[in-house]
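**Student:** Here it is, the structure, as structure tokens.
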Amino acid sequence: NYRIGMASNYLRHGESIANFSSGAGKISRINAVTLGESPASEENDLVLPSDEFCRQALIPNPQKYLEMYKRSVEDPAGFWSDIASEFYWKQKWGQPVFSENFDVRNGPIDIQWFKGGVTNICYNCVDRNVESGNADKIAIYWEGNEPGFQDSLTYSQLLQRVCQLANYLKDVGVKKGDAVIIYLPMLMELPIAMLACARIGAVHSVVFAGFSADSLAQRIMDCKPKVVITCNAVKRGSKTIQLKDIVDTALAESSKNSISIDLCLTYENQCAMKRGDTKWQDGRDVWWQDVVPKYPTSCMVEWVDAEDPLFLLYTSGSTGKPKGVLHTTGGYMVYTATTFKYAFDYKPSDVYWCTADCGWITGHSYVTYGPMLNGATVVVYEGAPNYPHPGRCWDIVDKFNVTIFYTAPTLVRSLMRDGDQYVTRYSRKSLRVLGSVGEPINPSAWRWFFNVVGDSRCPISDTWWQTETGGFMITPLPGAWPQKPGSATFPFFGVQPVIVDDKGIEIDGACSGYLCVKNSWPGAFRTLYGDHERYETTYFKPFPGYYFSGDGCTRDKDGYYWLTGRVDDVINVSGHRIGTAEVESALVSHPQCAEAAVVGFEHEVKGQGIYAFVTLVEGVPYSEELRKSLILTVREQIGAFAAPDKIHWAPGLPKTRSGKIMRRILRKIAARQLDELGDTSTLAEPNVVDQLIALADC
Ligand code: ATP
Ligand code: MG
């Protein structure tokens, strides 16, 4: 089994440290794991993979990783060509395998991979599996919001469904390059619709079906789709949400701005609402069930160039107006497939469940494309993770024998708050790998996830990446090396992360700064839709020569990377630069604190002060004593300079619909600039803001 312990435990592990360091060769970014004398900080806390896990792992030891990593950066063309050759290409790519201008000083940013190669990602996700003996393997297990509602599709059934929809879309005039907006909840029809678009070369833009009519209208007006695909209603938890009404409002809004949509294909989601109760506009609205099943179950593939667009997706909007990120076909295909395989140590017998919605990049790369390119069996869950009770996730894990479970820190923290008993009453013995994405995972949440959910048996892949990167950038490879709770560990193959200072100068060794990448990787986004200038300004101009992630990062003495949050969130207290993530982790390690969000506010003496919003564990009342004890925890763990100046009790925190804390709004509340809260349309529950304001001076 794994052992959680301090660095000295590493000595007791069979694999010698010498092995780890000897492979490091010229790759200076990855240092040998050195032994920390003092176990005082998180960075000395190592969690070792069991020998049993290592023996079966795709990357069983550090040397194997280093060997592959070295080749991937020294010979990226060769490394990625070999992997790309495992997929079906109607015509092989030309030379060079990739070309990039990564430096704004040398002209427009331009990234191309496998140019001239002709392929189709839907073919590679579905047909290729059907043809290679996986026709009867389950592609999707679907679980409805209400316990007891379930369905499944084999790869050959999935192919038939995809083809019917693809044929319909072609018949109504959707052509290669046309945009299609998909506004659907987590029904099987969502990945089906994505794949059907890809099959005919149409560019899908999935809009998370929790967005408001305004947000949807904004996106419709931006990408001007030929068709909008939706459903009449959905049940999430105990609420019924009438999606079609939201679409109607959005379509009315966009037609006022002279973007009119002629076709709204609507799936009748009978579990939530009967068609008779749905508002209808004849001529524009068509029931999916009335038309799609009549079409043939096979459909010719539209072969596309590797650099033809695959999809357009708006970022989650944590920091402002969402950006329309454009991904192309070939590089994205190769990258998502490869990252999925290695970061989750994927084996054909796995049953994989990612709790993300297809409305986010995680649902694109790691519900649909990455897993299906590997022929995986994927669980798609429609409902809320704690409905009808906080044990629902583990119920689903046991039901489908899920082996890989991938989720977000926000869910981990909320389940932790509900108590262990909801977890331990389920077996969970099928689990072998866990994953986390979306925000830095606090070490205490990491440990709970590891010890309680994974019974101290399953490695956690804390995957750092972005909508823009298409796939994982810095991620553990389970079994490859010891983990540190809260660190995303090392870069994925082909990725060369660098940490730069304010002036854009690369810093070596153990350091903190701005996280950048210095070379292109196949899954990189190629532009912001319709705004290449904003693409360059946001990502390539801040530090010329590099892609700038917007995130802050620390590299410790062992070479492990620790994400410290967005750089706009770094607080400067009396000259100390403090990452919000660090203070939040200290607060969350307090047994009575469930979640924390930290922002800076103007402070007369210190320049900036630390303002902490805290959510408490179920049933714990807020008190003066608790306030003091929270502050003490931070003083003890980080130091007096990081002690919060203000603790603000928060029954709930404002989050994006993908579950991320929206610090932009918290900063305004902290500064009491209540009339400047800005766009709150991407918030999951706008009323928590009023609640917070009401508690501001408690
Ligand atoms: P916007 O760009 O519109 O503000 P967003 O950045 O939240 O929205 P995403 O692309 O979904 O949109 O999220 C990427 C960001 O999420 C990263 O830049 C990082 O801040 C955070 N993130 C994702 N995974 C991790 C992780 N494993 N550890 C730390 N941070 C993470
Ligand atoms: Mg972002």
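The values are calculated or read from the model by the stated rules, or taken from the named source; none is laboratory data. Since the model is a prediction, treat every value here as computed from it, not as a measurement. Methodologically, a virtual Cβ is constructed for each residue, glycine included, from the backbone with ideal geometry; neighbour enumeration extends over all protein chains shown. Ligands, DNA and RNA are stripped out before the accessible areas are found, and what is left, the full protein with its side chains, is counted by its heavy atoms. Shrake-Rupley method; radii C 1.70, N 1.55, O 1.52, S 1.80 Å.
**Student:** What's the extension gain from Ser132 to Asn101 if we count 0.36 nm per residue and subtract their Cα-Cα distance?
**Tutor:** In short, 7.3 nm is gained.
**Student:** So for the stretch 538-622, considering every pair of alpha-carbon atoms, how many percent are separated by more than 22 Å?
**Tutor:** Looking at the stretch 538-622, the distances longer than 22 Å represent 42 percent of pairs.
**Student:** Now for a different question. Counting only Cα, what are the radius of gyration and maximum Cα-Cα distance Dmax of the stretch 172-261, in Å?
**Tutor:** When restricted to the Cα atoms of the stretch 172-261, Rg and Dmax are 12.8, 40 Å.
**Student:** Right, something else. Would you please put 365-373, 621-629 in order of how densely packed they are, using the mean number of other Cβ atoms within 10 angstrom per residue and starting with the highest?
**Tutor:** Per-residue mean Cβ counts within 10 Å order the peptides as 365-373, 621-629.
**Student:** Can I ask one more? Heavy-atom accessible area per residue, the stretch 545-643, 1.4 Å probe: how many Å²?
**Tutor:** Using a 1.4 Å probe on heavy atoms only, each residue of the stretch 545-643 averages 39 Å².
**Student:** Which of the lysines could be linked to Lys321 by a straight reach, that is with a Cα gap under 17 Å, when you skip same-chain ones fewer than 8 residues away?
**Tutor:** Lys655, Lys660, Lys668
**Student:** Also: In whole Å, how far is the Cα centre of the stretch 584-649 from that of the stretch 486-549?
**Tutor:** 31
**Student:** With every protein chain present, what is the per residue accessible area of the stretch 135-285 (1.4 Å probe, Å²)?
**Tutor:** Accessible area per residue: 35 Å².
**Student:** Kindly work out what percent of the DSSP beta bridges joining two residues of the stretch 225-363 are antiparallel, to the nearest 5.
**Tutor:** 50
**Student:** Which percent, nearest 5, of DSSP beta bridges in the chain are antiparallel?
**Tutor:** 60
**Student:** Only helical DSSP H runs with n ≥ 4 go in: add -39500 (n - 2.57) per run for the chain, normalise by residue count and round the 222 nm mean residue ellipticity to 500 deg cm²/dmol.
**Tutor:** Mean residue ellipticity, 222 nm, calculated: -7500 deg cm²/dmol.
**Student:** For the stretch 427-468, rounded, prolate or oblate, judged on the Cα gyration tensor with a ≥ b ≥ c (square roots of eigenvalues), a/c < 1.5 rounded, else prolate if a/b > b/c?
**Tutor:** oblate
**Student:** When the Cα atoms of the stretch 512-562 are enclosed in a convex hull and the volume is divided per residue, what value in Å³ results?
**Tutor:** Hull volume over Cα atoms, normalised by residue count, gives 91 Å³.
**Student:** Further question on the same structure: On the protein heavy atoms, probe 1.4 angstrom, tell me the percent of accessible surface of the chain carried by carbon and sulfur.
**Tutor:** Carbon-and-sulfur percentage of accessible area, whole number: 49.
**Student:** Which Rg and Dmax, in Å, describe the Cα atoms of the chain?
**Tutor:** 24.4, 73
**Student:** Under 18 Å Cα-Cα from Lys70, which lysines qualify once same-chain neighbours fewer than 8 residues away are excluded?
**Tutor:** Lys26, Lys518
**Student:** Does the stretch 436-595 classify as rounded, prolate or oblate by the C-alpha gyration tensor (a ≥ b ≥ c root eigenvalues; a/c under 1.5 gives rounded; else a/b over b/c gives prolate, otherwise oblate)?
**Tutor:** prolate
**Student:** So if I take the centroid of the Cα atoms in the stretch 200-263 and the same for the stretch 128-174, what is the distance between those two points in Å?
**Tutor:** Result: 23 Å between the Cα centres.
**Student:** Going down the table (Lys239/Lys279; Lys137/Lys274; Lys175/Lys347; Lys92/Lys175), which pairs top 28 Å between alpha carbons?
**Tutor:** Long pairs (Cα-Cα over 28 Å): Lys137/Lys274; Lys175/Lys347.
**Student:** Please work out whether the stretch 562-679 counts as rounded, prolate or oblate from its C-alpha gyration tensor, where a ≥ b ≥ c are the square roots of the eigenvalues and a/c under 1.5 means rounded, while otherwise a/b larger than b/c means prolate and anything else oblate?
**Tutor:** Rounded, because the longest to shortest axis ratio a/c is under 1.5.
**Student:** Provide the gained length on full extension for the span Lys557 to His389, in nm with one decimal, where the gain is 0.36 nm per separating residue minus the Cα-Cα distance.
**Tutor:** Contour length minus Cα-Cα distance gives 56.2 nm.
**Student:** If I take R0 = 41 Å and measure r between the Cβ atoms of Lys64 and Trp303 in this structure, what FRET efficiency does the formula 1/(1 + (r/R0)^6) give, to the nearest 0.05?
**Tutor:** After rounding to 0.05, the efficiency reads 0.70.
**Student:** May I ask you to give the solvent-accessible area per residue for the stretch 376-502, in square angstrom, as obtained with a 1.4 angstrom probe?
**Tutor:** Heavy-atom SASA per residue in the stretch 376-502 reads 22 Å².
**Student:** Also, I was wondering about something else. Taking 0.36 nm per residue of sequence separation and subtracting the Cα-Cα distance, how much length would be gained by fully extending the chain between Lys90 and Ala77, in nm to one decimal?
**Tutor:** 2.7 nm
**Student:** May I pose another question? With labels modelled as points extended 7 Å from the Cα through the Cβ direction, what inter-label distance (nm, one decimal) is found for Arg635 paired with His603?
**Tutor:** Roughly 1.4 nm, to one decimal.
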